[in-house]
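Working notes, structure below.
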Amino acid sequence: MSPPVPVVSADVELRPETGRLVLQLYVSGATAGSLRAIANITAIGEDSMRGQYDLEVIDACQQSDLTCSRLIVVLPTLVRQLPLPARRIVGDLSNLDYVLRGLGLDGADTDEIEPRTNDPDVR
Amino acid sequence: MTPGQSKPDFRPLPQMLKCPSGINGLDEITEGGIPRGRPTLVCGEAGSAKTLLAVQFLVRGIQQHDEAGVLMCFEERSVDLVRNVASLGFDLPAMIDDKKLVIDHVLIECDEIQETGAYNLGALFVRLGAAIDAVGAKRIVLDTIEVLFASLSDHGIVRAELRRLFTWIKERGITAIVTSERGDGTLTRHGLEEYVSDCVIQLDNRMVDQVATRRLRIIKYRGSAHGSNEYPFLIDGHGLTVLPLTAIGLQYPASQDIISTGIPKLDAMLGRGGYFRGSTVLASGNAGTAKTTLAAHFIDAACQRGERCIYFAFEESPDQIVRNMRSVGIDLDRWRKTGPLHFAASRPTSLGLEVHLSFMLKLVQEFAPQVVVLDPVSSFEQAGGANEALAMLMRVVDMMKLRGITVMFTSLTSAEHSTERSEAGISSLIDTWLVLRNLEEGGERTRTIAIVKSRGMMHSNQARELLLTENRIDLADVFIGQDGKILTGSARHAQEMVERAIVTARQQAIASKRAGIARKQEFVIARVAEMQAELAAEIDDLDATIGQQEAAASSLIRSRVALARDREQSGSAPLLHVMGVH
């Protein structure tokens, strides 16, 4: 078992607004898709985030309790835990523009994120 | 078979393993349940009770078969779901605490997710696998997995992953129910039936005459026989119950026991001395023909035997029935107070037929009666139309017969219809049919009772007059008048007097005739004696004449002999002459 993963609220206290991104990448073992996703996020992290990020790669199959508790459905899933609000990006992260937009690194103001709603019809 | 034989092997394959669904009635239709170790698709519109059926499958699996379950819901939040099914007596939190159930809510928030390239649903497998392993689940439910199609844009991936998921479920040998919303002209919105094709069940909630009726149909069941009709189903405090109409309709045992009608003379009219136990009895007739009274006799007799009865009253209140029956000398109140009789009164129009049926079923299950009376069933036609009412009665009959309950229906027939015609539909369900009639003749109304049919026994073909006395019902023979009319009431009394007079007159005539014959006999005897005397006198006379004749003849011979002797002295010839005379 892996060490317990700090919950988001704890993270916030531990890491004040330092501008660092805290990322978790859930993958399904050492499959081609997983490796592609890891390679993509690492590349993006070096290029676009200049290393200002913490990445934890989690094998969903090995850490099923984490997968369950974090309500992961799709693999690979990249979770941006910080800054808040949390965001999820699924897929092998091969589309750079989408990943940057998903992480809020596409130059747009991160504060412009619309108020979220649980109603899928209101999009 | 010996090995190496080239003949094709036609040995019957082992029967498909089935998993009891826990839905009352569904296992009868499917001959044992849904396919064990395989996914079953349950489809239907919104609000057609798909989730309820699925949850009941899990709950009954835990309660009745000790098979743990996993509920993976994609739509409702777990708390909402737990609250919704609590009204049906399903205590999901307790089962979760007992480590018999896991509920996992799978939610994909669309606005939270950015799709970038290829992905799969591997985490769903991980979560499902973890949940199954946590409780050792044998049953799982995926409640509206099609939500994934709305959440994820790449339907090709979702399809491929669902196919993989169902294969994975089969490999693990887990019995699954997958629910799906009905599509436009298709069974499911996204064609799930292509992947889950072993067993497909469709649910439906239709409005007929402003009354909603839920129906269930098995669309396909690979490798198994199944009932193919649409079966109505109910939802009540015990969950979901399917009411198979015809599938199990004719499987009930037939008893040889006879139970009394409560009227000794009616028992005598029925060849075996009463109704068969577990049979259906119909008493039909116009208003005021003593249908309820007949039913009360039956109830009273059953209670006296120590049996339990339910009286479903659809037109009168229990107190009114009790009061009215007291006037004919039947005290139903004591049975009501001491327990064996239970009254259930409700207006037929107050509830839909399905709800009535569920109410009856529930009460019958709880009270476990031997005798049930429905008074009257004709009022259901007002509540739901003739066809629906008939279908409902058919289910009532099935329900009672399966439990060996003797059930008596009363039915009000309108005056203008002939009794037999208006009851044509219900007749086939009925084993013993009593027709009560009102006769109006000479300013007097009287009641008659006749047996139209009584399956499995000889019965009287004659109508009887039904007399309501202060001390129960009595039956009297009716008279058929000269013109073939049935005479009852005072006409019957008059006819009885006439017949009695005729009998007396006939007896007198016989007596006088007998006296005449006696006199004639005496006369004949005397005459015979007289004639015999005459005959004797004539015989005597004849004898006397013969005697004289003989005497005369012998004297003549003697004189001739003397003459011959005298002649012999002169020659022999005259002697020969004398010999020739002799």
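Matching residues to (1) within 13 Å of another protein chain (Cβ to nearest Cβ); (2) among the aliphatic types (A, V, I, L, M); (3) surrounded by fewer than 19 Cβ atoms within 10 Å (Cβ to Cβ); (4) in contact with a Lys or Arg (Cβ under 6 Å, 6 or more places away or on another chain):
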residue: B:72; (1), (2), (3), (4): yes, yes, no, no
residue: B:87; (1), (2), (3), (4): no, no, yes, no
residue: B:96; (1), (2), (3), (4): no, yes, yes, no
residue: B:109; (1), (2), (3), (4): yes, no, yes, no
residue: B:118; (1), (2), (3), (4): yes, yes, yes, no
residue: B:123; (1), (2), (3), (4): yes, yes, no, no
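For the structure I just gave you, tell me whether residue B:401 is surrounded by fewer than 16 Cβ atoms within 10 Å (Cβ to Cβ) and of a type in the set (Lys, Arg).
Numbers: surrounded by fewer than 16 Cβ atoms within 10 Å (Cβ to Cβ): no; of a type in the set (Lys, Arg): yes.
So residue B:401 does not fit the description; no.
Name the strands (runs of 3 or more DSSP E) wholly within segment A:39-104 that hold at least 3 residues that are more than 13 Å from chain B (Cβ to nearest Cβ) and either on the phi < 0 side of the Ramachandran plot or among the basic types (Lys, Arg) (or both)?
Working: elements: A:53-59, A:77-82, A:87-90.
So the answer is A:53-59.
Given the conditions (1) surrounded by fewer than 18 Cβ atoms within 10 Å (Cβ to Cβ); (2) among the polar types (S, T, N, Q); (3) within 14 Å of chain A (Cβ to nearest Cβ), and given that residue B:114 satisfies all but one, which numbered condition is not satisfied?
Here residue B:114 clears every test but (1).
Against the condition surrounded by fewer than 22 Cβ atoms within 10 Å (Cβ to Cβ), in a helix (DSSP H, G or I) and under 41 Å from the mean Cα position of the chain (by Cα), how does residue B:193 come out, does it pass? Don't jump to the end; show me each part of the working.
On the way: surrounded by fewer than 22 Cβ atoms within 10 Å (Cβ to Cβ): yes; in a helix (DSSP H, G or I): yes; under 41 Å from the mean Cα position of the chain (by Cα): yes.
Yes; evaluated as a whole, the condition is true for this residue.
Would you tally the residues in segment B:138-167 being more than 14 Å from chain A (Cβ to nearest Cβ) and surrounded by fewer than 17 Cβ atoms within 10 Å (Cβ to Cβ)?
Keep residues of segment B:138-167 that are more than 14 Å from chain A (Cβ to nearest Cβ), which gives B:138-141, B:143, B:159, B:163, B:166-167.
From what's left, surrounded by fewer than 17 Cβ atoms within 10 Å (Cβ to Cβ): B:163, B:167.
So the count comes out to 2.
Being charged (D, E, K, R), over 24 Å from residue B:20 (Cβ atoms) and without any contact (Cβ under 8 Å) to a residue 12 or more places away in the chain is true for just one of B:127, B:163, B:189, B:206. Which residue is that?
Just one listed residue meets the conditions, B:206.
Among the residues in segment A:48-64, are any under 21 Å from residue B:120 (Cβ atoms), modelled with pLDDT of 80 or more, of a type in the set (D, E, K, R) and over 12 Å from the mean Cα position of the chain (by Cα)?
Among the residues of segment A:48-64, at least one is under 21 Å from residue B:120 (Cβ atoms), modelled with pLDDT of 80 or more, of a type in the set (D, E, K, R) and over 12 Å from the mean Cα position of the chain (by Cα), which makes the answer yes.
Only one of (1) in a helix (DSSP H, G or I); (2) at pLDDT 90 or above fails for residue B:27. Which number is that?
(2)
So, in segment B:256-283, of the ones that are closer than 20 Å to residue B:398 by Cα and small (Gly, Ala, Ser), which residue ends up surrounded by the fewest Cβ atoms within 10 Å (Cβ to Cβ)?
B:278
Given the criteria part of a helix (DSSP H, G or I), closer than 29 Å to residue B:75 by Cα, at pLDDT below 80 and within 13 Å of chain B (Cβ to nearest Cβ), does residue A:33 qualify?
On the way: part of a helix (DSSP H, G or I): yes; closer than 29 Å to residue B:75 by Cα: yes; at pLDDT below 80: no; within 13 Å of chain B (Cβ to nearest Cβ): yes.
Against the criterion (part of a helix (DSSP H, G or I), closer than 29 Å to residue B:75 by Cα, at pLDDT below 80 and within 13 Å of chain B (Cβ to nearest Cβ)), residue A:33 does not qualify.
Can you report the number of residues in segment B:357-380 which are surrounded by 19 or more Cβ atoms within 10 Å (Cβ to Cβ) and in a helix (DSSP H, G or I)?
As a first pass, look at segment B:357-380 and keep what is surrounded by 19 or more Cβ atoms within 10 Å (Cβ to Cβ): B:357-358, B:360-361, B:364, B:369-378, B:380.
From what is left, the residues that are in a helix (DSSP H, G or I) are B:357-358, B:360-361, B:364, B:380.
Qualifying residue count, segment B:357-380: 6.
Please enumerate the residues belonging to segment A:24-47 that are closer than 15 Å to residue A:88 by Cβ and more than 11 Å from the chain's Cα centre (by Cα).
First, the residues of segment A:24-47 that are closer than 15 Å to residue A:88 by Cβ: A:24-27, A:37, A:41.
If the condition is that a residue be closer than 15 Å to residue A:88 by Cβ and more than 11 Å from the chain's Cα centre (by Cα), then A:27, A:37 are the ones that fit.
Inside segment B:92-185, counting only helices (runs of 4 or more DSSP H) that do not spill past its ends, which hold 2 or more residues that are assigned by TED's automatic domain parsing to the domain that holds residue B:36 and within 30 Å of residue A:36 (Cβ to Cβ)?
Where helices (runs of 4 or more DSSP H) fall fully within segment B:92-185 and carry at least 2 residues being assigned by TED's automatic domain parsing to the domain that holds residue B:36 and within 30 Å of residue A:36 (Cβ to Cβ), they are B:122-135, B:147-151, B:155-172.
Quick check on my filter: what residues within segment B:302-312 are buried (at least 21 other Cβ atoms within 10 Å of the Cβ) and either of a type outside the set (Phe, Trp, Tyr) or free of Cβ contacts under 8 Å to residues at least 60 places away in the same chain (or both)? If you could, list the steps in order and put the result at the bottom.
We begin by selecting, within segment B:302-312, every residue buried (at least 21 other Cβ atoms within 10 Å of the Cβ); these are B:302-303, B:309-312.
B:302, B:303, B:309, B:310 - these are the residues of segment B:302-312 that are buried (at least 21 other Cβ atoms within 10 Å of the Cβ) and either of a type outside the set (Phe, Trp, Tyr) or free of Cβ contacts under 8 Å to residues at least 60 places away in the same chain (or both).
Six or more apart or on different chains, Cβ under 6 Å: which pairs go from a residue in segment B:39-68 that's over 20 Å from residue B:145 (Cβ atoms) to one that's among the small types (Gly, Ala, Ser) and in a helix (DSSP H, G or I)? Could you list them?
Pairs that qualify, where the first residue is over 20 Å from residue B:145 (Cβ atoms) and the partner is among the small types (Gly, Ala, Ser) and in a helix (DSSP H, G or I), are B:67/B:61.
The values are calculated or read from the model by the stated rules, or taken from the named source; none is laboratory data. Since the structure is predicted, the reported quantities are computational estimates derived from the model, not experimental observations. For neighbour counting, all protein chains shown are included, and Cβ atoms are generated from backbone atoms with ideal geometry for every residue, glycine included.
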